[in-house]
Amino acid sequence: MAGQHPDLDPAPAVDACDYLKIVLNPDGTITRGVDVPTTPAVPDPDQPSAVRTKDVPLDPTRNTWARIYVPPPSTAADQKLPLIVYYHGGGFVLMSPSATINHDFCSLMAAKLSAVVISPAYRLAPEHRLPAAYDDAVEALRWVRTTEDEWLRERVDFSRCFLMGTSAGGNIAYHVGLRACAAAAADLEPLVIRGLILHHPFFGRSLRTESEVRLFNNPTLPVNGADLLWELALPAGADRDHEYCNPTSVDRSEEWERMRAKGWRVVVVAGAGDPMIDQQRELAAELEAKGVDVVGIFGGEGDYHGVEVLEPAKGELLVEKLKGTV
């Protein structure tokens, strides 16, 4: 679905830096100006029906940490629950697990899916360009498999682990999945990954897709805003056909075959109002062609990038659809 060259882009409706509320600094860092509402963790909520949350350190040398979400005890309080490792979005440049929209979405999943959710922080670009976020995401898995944290040890069935992420987090979940496929089973024990949930995964390529041209100036994530995020996140000198950005730019037949052999289910959630919809559909089709069990949840024109995180009602509808997967 190759479209036009970026030189033929429509005129941008907004300045990318102004839209993202960032200032580019001469030393290669950025100043983040957006005031993202955050929600603190609540280990002991007043209501017994509420999801419990707490923050735990992962790697103090990298200043990484994670938020854990545990649903209220059910009638079968001793029943072990599936684990969702959820990587947040933000174009690799913004946000954290404590952002209210991420906190609320993870709480919803924990409650409605009867799952334990852990959402790791990762180092942000451009101060820490890719693959730093992937490295931190893999380290979070290693922490999960070795930790003695009582919330996880008491409530989690480690043989039912799912990697999930929204936007850049969906990209991270995909790349962590590729690394996990290449690892020996003993390297992950007792974790057994059952599948990936790629929620509006953040991808790109050098040539515009038809959907990028059609939705170039969409208000949720204008394409020139995505361009800037990739410019800040990719290794210095890399273009948008780098494997971190374009998932079909390199041959992944070996990893995809391992996904198929392991029986993984890959859920791709996307909306027709997302400029990246063409590439998301293409990845789903290529995985399916390789025999991977793929479930596509594709919304209509009103479903923009990350809609289920931003609109709680649509988030609930998505979680209902995920009940057959987790």
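The values are calculated or read from the model by the stated rules, or taken from the named source; none is laboratory data. Fair warning: this is a prediction, and the values are worked out from it, not measured in the lab. Glycine gets a Cβ as well: all are built from the backbone with ideal geometry, and neighbour counts include every protein chain shown. For accessibility, only protein heavy atoms count, side chains too; no ligands or nucleic acids. Shrake-Rupley method; radii C 1.70, N 1.55, O 1.52, S 1.80 Å.
Quick test of your reading of the structure: residue 312 fulfils all but one of (1) surrounded by 23 or more Cβ atoms within 10 Å (Cβ to Cβ); (2) in contact with a Leu (Cβ under 8 Å, 6 or more places away or on another chain). Name the failing condition by number.
Answer for residue 312: the failing condition is (1).
Go through 86, 69, 134 for me and flag whichever is at pLDDT 95 or above, of a type in the set (Phe, Trp, Tyr), surrounded by fewer than 21 Cβ atoms within 10 Å (Cβ to Cβ) and under 29 Å from residue 324 (Cα atoms). Give the steps one after another, and end with the answer.
Numbers: 86 fails: surrounded by fewer than 21 Cβ atoms within 10 Å (Cβ to Cβ); 69 fails: surrounded by fewer than 21 Cβ atoms within 10 Å (Cβ to Cβ).
Unique residue meeting the criteria: 134.
Does region 258-276 contain at least one residue that is within 20 Å of residue 5 (Cα to Cα), in contact (Cβ under 8 Å) with a residue 60 or more places away in the chain, touching a Leu at 6+ places or on another chain (Cβ under 8 Å) and open to solvent by less than 50 Å² (accessible area, probe 1.4 Å)?
Applying the first criterion (within 20 Å of residue 5 (Cα to Cα)) to region 258-276 yields 274-276.
Add one more test, that the residue is in contact (Cβ under 8 Å) with a residue 60 or more places away in the chain, and what stays is 274-276.
This time we only want the ones that are touching a Leu at 6+ places or on another chain (Cβ under 8 Å), so: 274-275.
Now restrict to residues that are open to solvent by less than 50 Å² (accessible area, probe 1.4 Å): 274-275.
Checked region 258-276: at least one residue is within 20 Å of residue 5 (Cα to Cα), in contact (Cβ under 8 Å) with a residue 60 or more places away in the chain, touching a Leu at 6+ places or on another chain (Cβ under 8 Å) and open to solvent by less than 50 Å² (accessible area, probe 1.4 Å).
Under 6 Å between Cβ atoms, which residue pairs at least 6 apart in sequence (or on different chains) link something in region 182-208 that is within 18 Å of residue 257 (Cβ to Cβ) with a partner that is open to solvent by 60 Å² or more (accessible area, probe 1.4 Å)?
Once the first residue is within 18 Å of residue 257 (Cβ to Cβ) and sits in region 182-208, its partners that are open to solvent by 60 Å² or more (accessible area, probe 1.4 Å) give 194/160; 195/265.
Just one of (1) modelled with pLDDT of 95 or more; (2) surrounded by fewer than 17 Cβ atoms within 10 Å (Cβ to Cβ) trips up residue 279, so point out which.
(2)
Restricting attention to region 181-236, which residues are open to solvent by 20 Å² or more (accessible area, probe 1.4 Å), of a type in the set (Asp, Glu) and modelled with pLDDT of 95 or more?
The answer is 210, 227, 231.
Out of 214, 260, 265, report the one residue that is basic (Lys, Arg) and under 19 Å from the mean Cα position of the chain (by Cα).
Values: 214 fails: under 19 Å from the mean Cα position of the chain (by Cα); 260 fails: under 19 Å from the mean Cα position of the chain (by Cα).
Just one listed residue meets the conditions, 265.
Per-residue answers, yes or no, for (1) under 17 Å from the mean Cα position of the chain (by Cα); (2) within 24 Å of residue 310 (Cα to Cα); (3) modelled with pLDDT of 95 or more:
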{"position": "56", "(1), (2), (3)": "no, no, yes"}
{"position": "82", "(1), (2), (3)": "no, no, yes"}
{"position": "110", "(1), (2), (3)": "yes, yes, yes"}
{"position": "141", "(1), (2), (3)": "yes, no, yes"}
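Considering only region 112-119, I want to know if a residue exists there that is touching a Cys at 6+ places or on another chain (Cβ under 6 Å), farther than 15 Å from residue 39 by Cα and either of a type outside the set (Gly, Ala, Ser) or open to solvent by 20 Å² or more (accessible area, probe 1.4 Å) (or both). First the steps, then the outcome.
Our first condition is that a residue be touching a Cys at 6+ places or on another chain (Cβ under 6 Å); within region 112-119, this holds for 117, 119.
Subset that is farther than 15 Å from residue 39 by Cα: 117.
Pick out the ones that are also either of a type outside the set (Gly, Ala, Ser) or open to solvent by 20 Å² or more (accessible area, probe 1.4 Å) (or both) and you get 117.
The answer is yes; a qualifying residue exists.
Of all residues being in contact with an Asp or Glu (Cβ under 8 Å, 6 or more places away or on another chain) and surrounded by 16 or more Cβ atoms within 10 Å (Cβ to Cβ) in region 288-305, which is farthest from residue 101 (Cα to Cα)? Just the residue, please. Steps first, please.
Within region 288-305, the subset in contact with an Asp or Glu (Cβ under 8 Å, 6 or more places away or on another chain) is 290-291, 294, 303-305.
Now drop any that are not surrounded by 16 or more Cβ atoms within 10 Å (Cβ to Cβ), which leaves 294, 303-305.
Working: 294: 27, 303: 17, 304: 16, 305: 14 Å.
Residue satisfying both the conditions and the ranking: 294.
Going by the structure shown, is residue 124 more than 26 Å from residue 320 (Cα to Cα) and open to solvent by 10 Å² or more (accessible area, probe 1.4 Å)? Please lay out each step first, then the result.
Working: more than 26 Å from residue 320 (Cα to Cα): yes; open to solvent by 10 Å² or more (accessible area, probe 1.4 Å): yes.
The answer is yes for residue 124.
Determine whether region 214-230 contains at least one residue that is in a strand (DSSP E or B) and under 30 Å from residue 317 (Cα atoms). Give the derivation first.
First pass over region 214-230, keeping only residues in a strand (DSSP E or B): none.
No, region 214-230 contains no residue that is in a strand (DSSP E or B) and under 30 Å from residue 317 (Cα atoms).
Could you list, in sequence order, the residues of region 1-28 that are of a type in the set (S, T, N, Q) and either surrounded by 14 or more Cβ atoms within 10 Å (Cβ to Cβ) or in contact with a helix residue (DSSP H, G or I) (Cβ under 6 Å, 6 or more places away or on another chain) (or both)?
Residues of region 1-28 of a type in the set (S, T, N, Q): 4, 25.
Residue satisfying the conditions is 4 alone.
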